[in-house]
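Right, one structure below, let's go through it.
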Amino acid sequence: MEPTASSPAQDARRVVIVGGVAGGMSAAARARRLDEHAEIIVLEQGAYVSFANCGLPYHLSGEIAQRDDLLLHTPGSLAASLNLDVRTGHRVTGINRHAQKVTIQAGEDTYALPYDALLLSPGAVAVRPPIEGLDHPSVHTLRTVPDVDALRDRIDELVATRGHTRPGPSAVVIGAGFIGLEAVEALTARGLQVHLVELANQVLPPLDAELAPLLAAELTAHGVDLRLGVSAQAVRPDGTKPITVGGAVCEPGKGNSPGAVTVTLSDGATLAADLVIVNVGVKPASALAVDAGLELGPSGAIRVDADQHTSDPHIWAVGDAVEVTQAITGARIPVPLAGPANRQGRRAADSICGRRTTPQASVLGTAIVRVFGLTAAITGANQATLRRAGIAYEAVRIHPGDHAGYYPGSEQVHLVASFAPDGTLLGAQGVGRAGVDKRIDILATAIRAGMTADDLAELELAYAPPYGSAKDPVNMLGFVAQNVLDATMPQWQATDLDNALATTLILDVRSRSEYAEGHLYGALNIPHLELRERLNEVILAAGGRPLSVYCASGVRSYLATRVLLSQGFDARNLSGGWLTLTAVHPNL
Ligand code: FAD
């Protein structure tokens, strides 16, 4: 180990990087491209560097068939291509800022390594919820290559020993966030019966509550047993408690695999499982920074400036471990996503190499997940965040086709976007079977550019029938927001239902058959094409009250609202229509 402990060569600057995956490896590669002479040492505590952690769920499912496809580089390939000194199995245990040295544990050996510049990219650590029995060997996490190896081994074993005398293998996934949902999809693809347990009352808590039921329905349609609004309390070896399978109580231990467990929920239910995946979020891996006395933010993440500098001039930090400024609210929080980590790594390398940097922009938290046939994506602030931050906004909802309706295969896209009173776009979310990714990426770009409803309305986007519409859904969001903001179309919200029922006449302008399938109690049904001829009925039924108009998606009721307003009625259109109403009030 002699060369490792030496001082940097006199003429070569030594850059030491802690963490060899997203942010760390991005920084190492950029630093080499900028400085051919620097000595660049990457220290990674795990056995792998530069692996595709975002691809792990897809190897679990079998979609990425070859494990090696996840391993983008090895220390050998990085030495050959970038002349990097990459040391796996080397854990940094301390930083001596005064001496500019890190202490490293490598197997039985401990050594100190001086640095000229130190970059911290240690990532995040999984939050360990207070659940009894989490040390049971059937309880897994999904964060690393060894994690996915262990899960695949367990599933292979379960599938191989599946008999005809007992139910198929089952799993409990605790946490319905992005990675939890990816795990659910993967386990289902491997033939497991999956129970998904989530403390919040909805799946994917960062998604606006009104869109989450779409994902819940998709999960249920694929056989997932959803347990929302409950927490897991205990994981116990099978046999210590009676278990329920499909609602039926079974004898303890009977018919389950070796290693099976029961998971007890806060509502008293017990779930039988052959394996459990816990994924309830992450927190910044800031222990090294804390011990070294680096400044942290209130969130517990490492405080950095716009160049990724920590409070020590010789130390930079990036990735899941640092705090960023959240766009829209300005809050300082960690945002554990691959894109920011990679960009920060590149920026830190620029700064370390004395280059002009592109200062860290505020982070939108743009994220996307596939849930079986659906895609859900978010960018900017969601409505709950805006409310918490006291930021005034108008939310608009549309449910157009992803491409022209007359061209085969058009799928509905459910989009919600929030605008400031001056028209500035603050956030957007989408769920659908096609075209969600491109709309959210456009909207993320629009937020970054500070665009308004007027700007969205004027965006010129590529169109031919298989791809979009002459009025793209993004343009439509702009049009609707313009109408709302300039009072061309006053709207009412699904969350205002009680008030609307109590104080207004509810006017349902859908067809008679749609009305017959379900409608709001007391609603007057006048299909929108008949409205002009039947205004007297509206006057009589309203008795001087304002009108709350709705249709299926908000389009026909917009037309009706315009007719009514022009005739002097006080009318408002339901934002998002019946689709949004039933999502917000599932028991209607
Ligand atoms: P990491 O990439 O996690 O790297 C940190 C490394 O530092 C780790 O390998 C760790 O072992 C090492 N380390 C920590 N402490 C030490 C130490 N003291 N000494 C030496 N080494 C140390 N993001 C997306 O945007 N989209 C996705 O689809 C997505 N999917 C994901 C799926 C999974 C299963 C996981 C786990 C994450 C996913 N992410 C996704 C998040 C994304 O991977 C992270 O935000 C990103 O990797 C963070 O980069 P980082 O460099 O901060 O940390």
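At-a-glance table
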read-out: Conditions (1) surrounded by 23 or more Cβ atoms within 10 Å (Cβ to Cβ); (2) closer than 28 Å to P206 by Cα: number failed by I352; value: (2)
read-out: Failed item in (1) open to solvent by 50 Å² or more (accessible area, probe 1.4 Å); (2) closer than 15 Å to L113 by Cβ; (3) more than 15 Å from the ligand (Cβ to nearest atom), with R91 passing the rest; value: (3)
read-out: Subset of the range 84-102 (residues that are in a strand (DSSP E or B) and more than 15 Å from E39 (Cβ to Cβ)); value: T88, H90, R91, V92, T93, G94, I95, N96
read-out: Filter result for the condition that a residue is within 9 Å of the ligand (Cβ to nearest atom), without any contact (Cβ under 8 Å) to a residue 40 or more places away in the chain and open to solvent by 50 Å² or more (accessible area, probe 1.4 Å), over Q66, Q105; value: Q105
read-out: Residues of the range 176-191 satisfying the condition of being open to solvent by less than 30 Å² (accessible area, probe 1.4 Å), of a type in the set (V, I, T) and near the ligand (Cβ under 10 Å from one of its atoms); value: none
read-out: Yes/no for A292 being more than 22 Å from A444 (Cβ to Cβ) and open to solvent by less than 10 Å² (accessible area, probe 1.4 Å); value: no
read-out: Residue satisfying condition, being closer than 23 Å to H309 by Cα and either open to solvent by 50 Å² or more (accessible area, probe 1.4 Å) or within 13 Å of the ligand (Cβ to nearest atom) (or both), within set L118, L84; value: L118
read-out: Residue list for the range 472-485, restricted to those being touching a helix residue (DSSP H, G or I) at 6+ places or on another chain (Cβ under 7 Å) and without any contact (Cβ under 8 Å) to a residue 40 or more places away in the chain; value: V474, N475, G478, F479
read-out: Wholly enclosed strands (runs of 3 or more DSSP E) of the range 366-455 bearing at least 3 residues closer than 22 Å to G339 by Cα; value: 367-371, 374-380, 425-432
read-out: Residue in the range 32-51 that is surrounded by the most Cβ atoms within 10 Å (Cβ to Cβ), counting only those that are part of a loop (DSSP other than H, G, I, E, B) and charged (D, E, K, R); value: D35
read-out: Any hit, the range 492-503, residues being assigned to a loop (DSSP other than H, G, I, E, B), surrounded by fewer than 17 Cβ atoms within 10 Å (Cβ to Cβ), touching a residue at least 24 places away in the same chain (Cβ under 8 Å) and not hydroxyl-bearing (S, T, Y); value: no
read-out: Residue in the range 375-394 that is of a type in the set (A, V, I, L, M), under 24 Å from P313 (Cα atoms), open to solvent by less than 20 Å² (accessible area, probe 1.4 Å) and within 12 Å of the ligand (Cβ to nearest atom) present; value: no
read-out: Residues within the range 170-199 that are in a loop (DSSP other than H, G, I, E, B) and within 11 Å of V280 (Cα to Cα), tallied; value: 4
read-out: Complete set of residues in the range 529-550 that are of a type in the set (K, R) and assigned to a helix (DSSP H, G or I); value: R532, R534
read-out: Matching residues, the range 324-345, being within 12 Å of the ligand (Cβ to nearest atom) and of a type outside the set (A, V, I, L, M); value: P334, P336, G339, P340, N342, R343, Q344, G345
read-out: Unique residue being farther than 30 Å from L296 by Cα and modelled with pLDDT of 95 or more when the list is L118, L204, L196; value: L196
read-out: Residue that is farthest from V280 (Cα to Cα) [pool: residues in the range 125-152 that are β-branched (V, I, T) and open to solvent by 30 Å² or more (accessible area, probe 1.4 Å)]; value: T144
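The values are calculated or read from the model by the stated rules, or taken from the named source; none is laboratory data. Just so it is clear, the model here is predicted, and its values are computed rather than measured. Please note: Cβ atoms are built from the backbone with ideal geometry, for glycine as well, and neighbour counts cover all protein chains shown. These area figures cover heavy atoms from the full protein model, side chains too; ligands, DNA and RNA do not enter into them. Shrake-Rupley method; radii C 1.70, N 1.55, O 1.52, S 1.80 Å.
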